[in-house]
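Everything below concerns the one structure shown next.
Any read-out appearing in this document is the output of simple, stated calculations on the displayed coordinates, not a laboratory observation. Just so we're clear, the structure is a prediction, and the values are computed from it rather than from any experiment. Don't worry about glycine lacking a Cβ; one is built from the backbone with ideal geometry, like all the others, and counts go over all protein chains shown.
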Amino acid sequence: MPPSTPTAMPLDPFADIMLELAILLTMVLVARWLTSHFRQPGVLGELLVGVLVGNLGYWLGVPFFTFVMSYGAASPVFDQVWQGGVSVSQAAAQVFGPAELEPGGRGHEVLRLLSGDHALANVNTGLSLWLFSSLGIILLLFHVGLKTGIHQLRGVGTDAARVAIAGALGTLTVAFILLRLLPVEVSGAGRFFIAATLSATSIGVVTRMLEDIGKADTPEGREILGACVLNDLIGLVLLALSIELVVKGHLDLPAVAWLLVSSAAFLGAIVLFGDRLGRPFAHQLNRIGPVELRFLAPLAFAFLLAWLCSSLGLSGTVGGFAAGLILSDESLRDKTKEMLVPLIAVFTPIFFLLIGMQVNLAVFLDWQTLVLTIGLLFAAVVGKLPAGLVAGPDADRATVALGMLPRGEVALIFVGVGRSLDVIDDRLFAALVAVIILLAFGSGLALKWAFDPRSARAEELLGRLNRLLSR
């Protein structure tokens, strides 16, 4: 009787996810070392490392990086498979047109990745990347809410509120008009989505910049930070409104009215009454022992509010932010922030790495992508100048305008959502990420220069900008 042939043990599907996590966390380590060494915001390093390593792996044909580069196009297919229960080929036929499913087309490449030799690994990768990055963003906004606090939000002041609203509306208007002139085919809803993406100033990047140069407690610094707090709220509401417009394809007035009313009611109730809920909640949590268990209830509360906001048609990130505001009681906040740090350090960078890894540098060989990048950068800068026009009398208007330039976390959330909704193509995606990187880096230099002019020429340029904004 011939000896039986041993059969290989099937590979645990989770093994691919563990390898994926090892690769991503190694990239995070490199990114954080670089940004710490050069004193730059961590998100900037994660984006740049994602772009460089992602393109290198893609050009070498590594399956993981090849799939991630196509993740934006594959995401709508995942949605159809998971929500509709159809096969991958049926979902691809619903998402892509016949021409895109031909060899060489984007749909054909996605179908090959999801039904070829590495299909199981790619499906596991897609699911885990979506889970990790979504979790990371909710945790990040929860942390921002804890740092902000309801009292700071209430104390924003009329000057900072005017700065935030003027900057958001200015960017929306300039970008929406300019997109009609740029070489890009996009619907009206898509133009609004892209314009809204550029309207959100990054409180994380701005805070890091002001702290680095020791100017957070100046009149300009306080006004900029207050405006950024409100700008985050405006950005999250615009995100929900943009998703509604893109999904429906037209302006559904009753739906939009309901969205705006529910957003205003939800956020207004949080600002007005959130601490009345937060204080007794914090008092009860502080009685729990051991200390580690106190962290589980705030985390569950953040996920509960994220689910509630999603049910109302808002982004789940709004719920994470609101939970942080409610639980910003000093007796609970510091310990919760401390215990959040390891989770944020693991999951949040994955979102930013994923954004960078989807930027195909080859598209910048196309002159249209370069024109798009320059045009969107122009809109992002000029659109924020109205913020300086309405700055308070005690603040330098030019400095306030420059302080509103950085884009970061909220803008990248927009970009990721737009990619998953297929409203942003490869050229727009690359151009928007390039603009965010350029502004995150360049605005820090500009802000330092504005607070500490080193030459008569610098004084003259600042004076001209102030005179322009004073007209």
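Here are a few things to note about the model shown:
- Distance between the modelled labels on residue 86 and residue 335, one decimal in nanometres: 5.1 nm (7 Å Cα→Cβ projection).
- Cut-off under 5 Å, modelled amide H: who pairs with residue 408 long-range: 202
- Mean Kyte hydropathy of 0.0 or more with a Cα span along the axis of at least 18 Å, helices from DSSP in the chain: 13-38, 42-59, 119-148, 157-178, 219-248, 253-285, 296-312, 330-357, 367-382, 426-451
- Residue 59-residue 131 FRET efficiency (beta carbon distance; Förster radius 25 Å; 0.05 resolution): 0.35
- Put a dot 7 Å past the Cα of residue 365, heading toward its Cβ, do the same for residue 247, and the two dots end up 3.9 nm apart.
- Extended-chain gain in nm, criterion 0.36 nm per residue less alpha-carbon gap, residue 261 and residue 161: 34.0 nm
- Rounded to the nearest 0.05, the FRET efficiency derived from the C-beta distance between residue 34 and residue 99 at R0 = 51 Å is 0.75.
- Here's the picture: charge each Lys and Arg Cβ at +1 and each Asp and Glu Cβ at -1 in segment 13-124, and of 121, 55, 77 the one pushed furthest to the positive end of that dipole is 55.
- The separation of segment 176-206 from segment 66-130, counted between C-alpha centres, amounts to 27 Å.
- Relative intensity, log₁₀ I(q)/I(0), of segment 88-210 from a Debye sum that treats every alpha carbon as a point, q = 0.17, 0.19 Å⁻¹: -1.07, -1.12
- Mean-position separation - Cα centroids, segment 397-443 and segment 307-380, in angstrom: 11
- Rg over Rh [alpha-carbon atoms, Kirkwood Rh] for segment 381-434: 1.16
- Counting lysine pairs in the chain that sit 8 or more residues apart in sequence, or on different chains, and whose Cα atoms lie under 18 Å apart gives 4.
- For residue 199, no residue 5 or more places off, or on another chain, has a built amide H under 5 Å of its own.
- Each of 339, 392, 198 was scored by the projection of its Cα onto the charge dipole of the chain, and the greatest displacement toward the positive side belongs to 392; charges sit on the C-beta of Lys, Arg, Asp and Glu.
- Each Lys and Arg Cβ is given +1 and each Asp and Glu Cβ -1; about its Cα centre, the chain then shows a dipole of about 1080 debye.
- Each Lys and Arg Cβ is given +1 and each Asp and Glu Cβ -1; about its Cα centre, segment 13-124 then shows a dipole of about 340 debye.
- Residue 181 versus residue 115: modelled label distance in nm, points set 7 Å from Cα along the beta carbon direction: 4.6
- Count Lys and Arg as plus one, Asp and Glu as minus one, and take only other residues whose Cβ is under 10 Å from that of residue 391; the net charge is then -3.
- Using alpha carbons only, the radius of gyration of the chain set against its Kirkwood radius gives Rg/Rh = 0.99.
- Calculated mean residue ellipticity at 222 nm for the chain: -25500 deg cm²/dmol, from DSSP H runs with n ≥ 4 weighted as -39500 (n - 2.57), summed, divided by the residue count and rounded to 500.
- Modelled FRET efficiency - R0 45 Å, residue 308 with residue 441, Cβ distances, 0.05 increments: 0.75
- Scoring 179-191, 44-56 by mean Cβ neighbours within 10 Å over their residues and listing the highest first yields 44-56, 179-191.
- Percent of C-alpha pairs per 10 Å bin, segment 13-124, short to long: 13, 37, 29, 16, 4
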